[in-house]
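Each remark here refers to the structure printed beneath this line.
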């Protein structure tokens, strides 16, 4: 298939970027989106031009590295699919495809299609963990967890931290990511001890990183490759309110 | 330990304030609409209602307390909206080429716009019917009507005539109806959204709340817009003409009001 690509090229964070057009005369329908970019880059290198820089790692849809906005949609047109798992058969011969980086103040462009997602690390460092000595593995079922709770925690834990939620949000909000990470641990018995502190610190880190606020658009849920729902945002709103009230009264007495 | 810097309102607290102030305003709107609908029960009912509203137990302190707190909640709502919108724009400085909308509704994306227009309406509305200074001269001709309070007849400002006179202007009536349509949009997102903001929503309830909010928006729209619409259609015209003739006769100093068409 023949494709016309419009790709965002930006030398570095300081310089302004622009769209550059590329023609790909022969792309296999069976190739993945990232393989298509590999083919294009080989051609660019062959011509002595700079290849297009883009993030990628596992190419199995589980690492969260790929971060492309394809035709105005984070991860492209397929629901519940990362860009690396998107295949060219979902496009038509002669299509024009626009490829852009995540756009958010908290995710500055490093080069071309690569953005700096350190802001997510800051949120995780603020509370996305359980402070406990792990030691050797304990007996299975030593800590009973009801099945529905385990399932729900697993749904949240499925978040791969790709940042599509931020990219799709017209407010550049990281609520879906932060709520999945906080909700995952807050649901489980191991996370209870630090529940209040976790949610307060993670929200604070999220605000400090320059993410926007949630206005309940629902765009994040629509693009999430792991189908994380707004339920976790509602849960975080709930947990945060309880944590603030409890924190207030703990200080008062 | 404190997790917030001084003078910095956490994002979630801003959303709680938005939701709670919104809820108070929604409750006020319901009450206001039910009060207004007594217009259709005739001059005696709505004039007596107006009297009772202005003579609540503990008046005028209670009245000013209610007005003050409503204005305070409105101020919080607007203040939070300004902060949130400013931050949101800063957090997402650039848009995508061929930006796609997958889930958000038109109403949700236009909340700041409908909000500002509704705020402008509230200012006009208070100037027109509370302080009665705009439009010029429209209520100078409004006199009093007889009402009965606890079987005691007394003279009181004729609110029914004021409403008919005010809405006799097609431009003003149209402005009211259009703003109520905007309010319907604002509520169709806001009423569902406030549940999410305070954490009282889940996937099972999301759709139900969305429908509920849309129905609520329509009820508010129809309830409020029915009044200017019915005045435009001629409701209360005869009553106003009759009263104006009587007021003109009672006070010969006042100019004869223009006849109503």
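So, in the range A:1-50, how many residues would count as being in a helix (DSSP H, G or I), in contact with a strand residue (DSSP E or B) (Cβ under 9 Å, 6 or more places away or on another chain) and more than 18 Å from residue A:86 (Cβ to Cβ)?
Total satisfying the criteria: 2.
What residue, among those in the range A:223-244 that are crowded, with 23+ Cβ neighbours inside 10 Å and more than 15 Å from residue A:179 (Cα to Cα), is farthest from the other protein chains (Cβ to nearest Cβ)?
A:225
Hey, any hits in the range A:69-86 for a residue that's in a loop (DSSP other than H, G, I, E, B) and under 19 Å from residue A:20 (Cβ atoms)?
Yes, the range A:69-86 contains a residue that is in a loop (DSSP other than H, G, I, E, B) and under 19 Å from residue A:20 (Cβ atoms).
For residue A:226, all conditions in the list (1) under 15 Å from residue A:128 (Cα atoms); (2) modelled with pLDDT of 95 or more; (3) out of contact with any helix residue (DSSP H, G or I) (no Cβ under 7 Å at 6 or more places or on another chain) hold save one; what is the number of the exception?
The number of the failed condition is (1).
For residue B:225, state whether it is within 14 Å of chain A (Cβ to nearest Cβ) and buried (at least 16 other Cβ atoms within 10 Å of the Cβ).
No.
Which one of B:113, B:82 is loosely packed, with under 14 Cβ neighbours inside 10 Å and either within 18 Å of the chain's Cα centre (by Cα) or touching a residue at least 40 places away in the same chain (Cβ under 8 Å) (or both)?
B:113
When you scan the range B:92-130, how many residues do you find that are facing chain A (nearest Cβ under 9 Å) and under 14 Å from residue B:185 (Cβ atoms)?
Counting residues in the range B:92-130 that are facing chain A (nearest Cβ under 9 Å) and under 14 Å from residue B:185 (Cβ atoms) gives 5.
What is the residue count in the range A:15-38 for residues that are more than 24 Å from the chain's Cα centre (by Cα) and either more than 14 Å from chain B (Cβ to nearest Cβ) or surrounded by 15 or more Cβ atoms within 10 Å (Cβ to Cβ) (or both)?
The total comes to 10.
Which of the following residues is more than 26 Å from residue B:224 (Cβ to Cβ) and away from chain A (no Cβ under 13 Å): B:61, B:78?
Among B:61, B:78, only B:61 is more than 26 Å from residue B:224 (Cβ to Cβ) and away from chain A (no Cβ under 13 Å).
Taking residue A:172, is it more than 17 Å from the chain's Cα centre (by Cα) and either at the interface with chain B (Cβ under 10 Å from one of its Cβ atoms) or farther than 26 Å from residue B:90 by Cα (or both)?
No.
If you take the residues in the range B:147-199 that are crowded, with 16+ Cβ neighbours inside 10 Å, over 21 Å from the mean Cα position of the chain (by Cα) and within 25 Å of residue B:48 (Cα to Cα), which one is nearest to the other protein chains (Cβ to nearest Cβ)?
Looking at residues that are crowded, with 16+ Cβ neighbours inside 10 Å, over 21 Å from the mean Cα position of the chain (by Cα) and within 25 Å of residue B:48 (Cα to Cα), I get B:157.
Residues that are surrounded by fewer than 19 Cβ atoms within 10 Å (Cβ to Cβ), at least 2 per element: which helices (runs of 4 or more DSSP H) completely within the range A:145-191 meet that?
Because the criterion is at least 2 residues that are surrounded by fewer than 19 Cβ atoms within 10 Å (Cβ to Cβ), the helices (runs of 4 or more DSSP H) in the range A:145-191 that meet it are A:147-157.
Filter the range A:208-222 for residues that are buried (at least 24 other Cβ atoms within 10 Å of the Cβ) and in a helix (DSSP H, G or I); which is nearest to the other protein chains (Cβ to nearest Cβ)?
Checking each candidate, the answer is A:219.
The values are calculated or read from the model by the stated rules, or taken from the named source; none is laboratory data. Predicted, not measured: the structure shown is a model, and the values here were computed from it. Note: ideal-geometry Cβ built from the backbone for every residue, glycine included; neighbour counts use all protein chains shown.
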